[in-house]
1. Give the residue that is surrounded by the fewest Cβ atoms within 10 Å (Cβ to Cβ), with candidates limited to residues of the stretch 19-42 that are aliphatic (A, V, I, L, M) and under 22 Å from LEU66 (Cβ atoms).
2. All but one of (1) touching a residue at least 60 places away in the same chain (Cβ under 8 Å); (2) touching a helix residue (DSSP H, G or I) at 6+ places or on another chain (Cβ under 7 Å); (3) closer than 23 Å to GLY36 by Cβ hold for TYR81; state the number of the condition that does not hold.
3. Going by the conditions given, is PHE160 of a type in the set (A, V, I, L, M, F, W, C) and within 20 Å of the chain's Cα centre (by Cα)?
4. Might you check whether a residue that is assigned to a helix (DSSP H, G or I), surrounded by fewer than 18 Cβ atoms within 10 Å (Cβ to Cβ) and not aliphatic (A, V, I, L, M) occurs anywhere in the stretch 68-86?
5. Could you identify the single residue in LYS220, LYS228 that is free of Cβ contacts under 8 Å to residues at least 60 places away in the same chain and surrounded by fewer than 16 Cβ atoms within 10 Å (Cβ to Cβ)?
6. Can you tell me how many residues within the stretch 334-357 are under 18 Å from ILE616 (Cβ atoms), surrounded by fewer than 22 Cβ atoms within 10 Å (Cβ to Cβ) and aliphatic (A, V, I, L, M)?
7. Any residue that is acidic (Asp, Glu) and either assigned by TED's automatic domain parsing to the domain that holds CYS497 or more than 26 Å from the chain's Cα centre (by Cα) (or both) - is there at least one of those in the stretch 48-61?
8. Give me the pairs: first residue in the stretch 464-476 and at negative phi, second residue assigned to a helix (DSSP H, G or I) and hydroxyl-bearing (Ser, Thr, Tyr), beta-carbon distance under 7 Å, and six or more apart or on different chains, which are they?
Amino acid sequence: MCGIAGIYNLNKNHVDKGEIDLLTDALSSRGPNGRGVWFNEDKNLAFGHRRLSILDLSSAGGQPMLSADGRFCITFNGEIYNFIEIKSELISLGYNFLSDSDTEVILNAFQEWGKDMLYRFNGMWAFGIYDNVNKELFLSRDRFGVKPFYYFFDNSKFIFASEIKAIHKILGGDHPLNGNFIKEVVHGSFLGHGLNDTYLEKVLSLPAGSNLILKNNSIKLEKWYFLKKITPPLSFQDQALKLKELIVDACKLRLRSDVAVGTCVSGGLDSGSISAVINNHKDDLDRFSHYTHRGFCASFPNTFLDESSLAMSLAKKTNLKLDIVDINVPTKIELEEAMSQCDGPMNSLAFFPIWYLYRFIREQGITVTLDGQGPDEMLGGYKPLSEALLAAIQLKKPRWFFDVYRTYAGQGESSQLSSKWEAFKILLNFPKFLFKYYLKNFLILIGLYKNVILDDIKKIGFNNSLDESLYNQFFFSPLPAILQQYDRCSMASGIECRMPFMDYRIVEYIFSLPPESKVGDGYTKRILRAAMEGILPDEIRLRKTKIGFNSPIVDWFRGGLKDFMLEQMNSQEFLSCKYFDGKKIRREFYEFLNSKKPQWNTAWKFWGPVHVAWWIKSIKTL
């Protein structure tokens with residue numbers, strides 16, 4: 001787990017050492033344990049690397065790393081969790097190894113299988129490999145985009161890095177901004193993160209599951225991974241048993257480490273499942289495991305977001321040593337430090353408690369955490385009620401139609417809105433949803449509307465709108481933005497965040513299940529709850545109340561952050577920003593402050609423009 005960087009001068013000019021050093025060291029928080037820079041023979045290409053030591057802590061695991069024959073050089077960020085098994089296969093084919101790192105496994109695998117090696121990998125990655133013989137640069141990103149990869153290309157120069165702000169330092173503070181992307185941030189949208197745009201013009205994100213090949217001054221972008229559907233067991237009980245087996249194995253693989261490992265825990269099903277599984281199998285852990293049996297829970301004292309009591313209950317029943325980390329209203333110094341480390345403006349203040357929690361974890365000497373991202377998007381946790389109701393109609397299952405409605409209407413309190421009232425309103429608007437859904441599909445059919453998401457869905461072969469919605473949530477919005485948020489916030493403190501539910505075997509399995517296994521019988525995430533029976537305490541496993549991980553923004557904006565918000569809103573940068581109406585937003589903020597109502601939904605609109613204006617001011621010093 002590291003920060004990677006590279007500069008390739010296509011005009012054959014030598015790469016300036018100061019430039020590659022600047023690019024590399026802009027990633028220093030991602031790799032506090034070492035750095036390296038490598039130039040090719042022609043000096044027109046340079047790799048940079050900042051190392052966060054996780055596997056093979058010796059200098060033998062350092063990067064950039066050359067293959068034994070010197071032909072290939074790699075700079076790599078991520079982990080290949082099944083590297084031990086792949087290494088054994090390569091040894092049987094005659095390869096020798098000088099380190100115990102997964103980096104060397106990638107190099108030898110590339111030499112043996114070329115880019116077909118990617119299908120063998122179970123992990124998260126972004127890497128660049130240069131072939132000194134064919135003068136070809138091969139770049140790759142993992143199936144679901146867990147690890148970031150950004151690049152700039154202008155026909156004479158190619159630059160890549162793990163963070164946009166590193167590339168920004170090379171391009172300069174006056175480089176044109178991508179107004180459309182920034183407006184997405186202002187309005188709190190997650191959509192842009194599932195595409196390849198960034199907040200800088202001509203700086204792109206390599207799409208998840210894609211490769212980029214640069215040769216003869218031209219680039220070729222190819223998608224290497226497509227979601228595969230498999231044949232699951234027929235009975236629900238057997239489906240749950242298979243999911244449990246996959247989760248256990250995914251956790252074991254992600255415990256492979258030469259440094260201390262902990263878990264992040266809330267009072268919810270997802271993170272609770274990870275901690276419970278690990279502690280349930282504590283006597284059967286991989287010999288490489290440095291699991292500490294420590295969990296960390298973010299607490300929001302005296303707010304409806306606080307789930308620490310449930311986390312403490314889980315800890316007692318699973319013998320987990322739990323640290324409760326109180327997240328109080330941030331000081332201006334803390335908040336601006338977090339904002340500056342976020343690699344661009346964030347669309348919500350939810351990033352701060354994540355950043356604060358990981359900083360605390362690193363102070364405890366923990367370098368790796370296991371986290372629970374993924375199930376909400378795959379298993380209906382975000383209440384896609386209209387889509388699920390339509391799915392019941394499409395599949396001709398009237399009994400499931402009413403089961404779906406009862407399931408979502410009975411989920412309890414979410415944020416500060418009644419789910420029963422929310423569900424009833426959705427039911428009233430269901431005919432309008434049907435009209436819009438079929439109108440959009442008709443326009444796509446006759447070629448008047450283009451939708452890349454539905455193009456993918458047709459290739460995969462989904463036959464109902466619930467699976468389509470879950471695919472959209474997982475691959476486009478909101479999960480890519482959540483992954484980016486966790487990567488930014490964890491790596492700001494040099495923490496590797498591993499996500500067992502993002503194991504491709506689990507993802508492909510869940511997307512192959514019938515929709516009734518995902519939502520029904522009174523529960524969202526139905527199959528996961530069944531899989532965790534006997535492992536996770538029922539008070540968490542069967543809990544229906546869903547609270548997303550957030551900041552108590554209503555309390556903070558009306559309390560300790562009020563002065564900071566008003567300071568930003570009264571600044572010239574805010575009032576004259578071309579990406580939003582600063583005067584209108586400031587006026588609405590005053591109305592929000594004077595209102596006695598909770599106004600959670602209103603509070604959401606204020607953070608995005610504040611962070612954007614602050615960030616635009618900060619980049620002037622680049």
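The values are calculated or read from the model by the stated rules, or taken from the named source; none is laboratory data. Computed from a predicted structure; not experimentally measured. A quick note on method: Cβ atoms are made from the backbone with ideal geometry, for glycine too, and the neighbour counts reach across all protein chains shown.
1. Taking the stretch 19-42 and keeping what is aliphatic (A, V, I, L, M), we get 20, 22-23, 26-27, 37.
Applying the additional criterion that residues be under 22 Å from LEU66 (Cβ atoms) yields 20, 23, 27, 37.
Values: ILE20: 22, LEU23: 26, LEU27: 24, VAL37: 18.
Only one residue fits best here, namely VAL37.
2. Failing condition for TYR81: (3).
3. yes
4. Checked the stretch 68-86: at least one residue is assigned to a helix (DSSP H, G or I), surrounded by fewer than 18 Cβ atoms within 10 Å (Cβ to Cβ) and not aliphatic (A, V, I, L, M).
5. The match here is LYS220.
6. Result for the stretch 334-357: 2.
7. Looking through the stretch 48-61, none of the residues is acidic (Asp, Glu) and either assigned by TED's automatic domain parsing to the domain that holds CYS497 or more than 26 Å from the chain's Cα centre (by Cα) (or both).
8. Filtered contacts from the stretch 464-476: SER465/TYR437.
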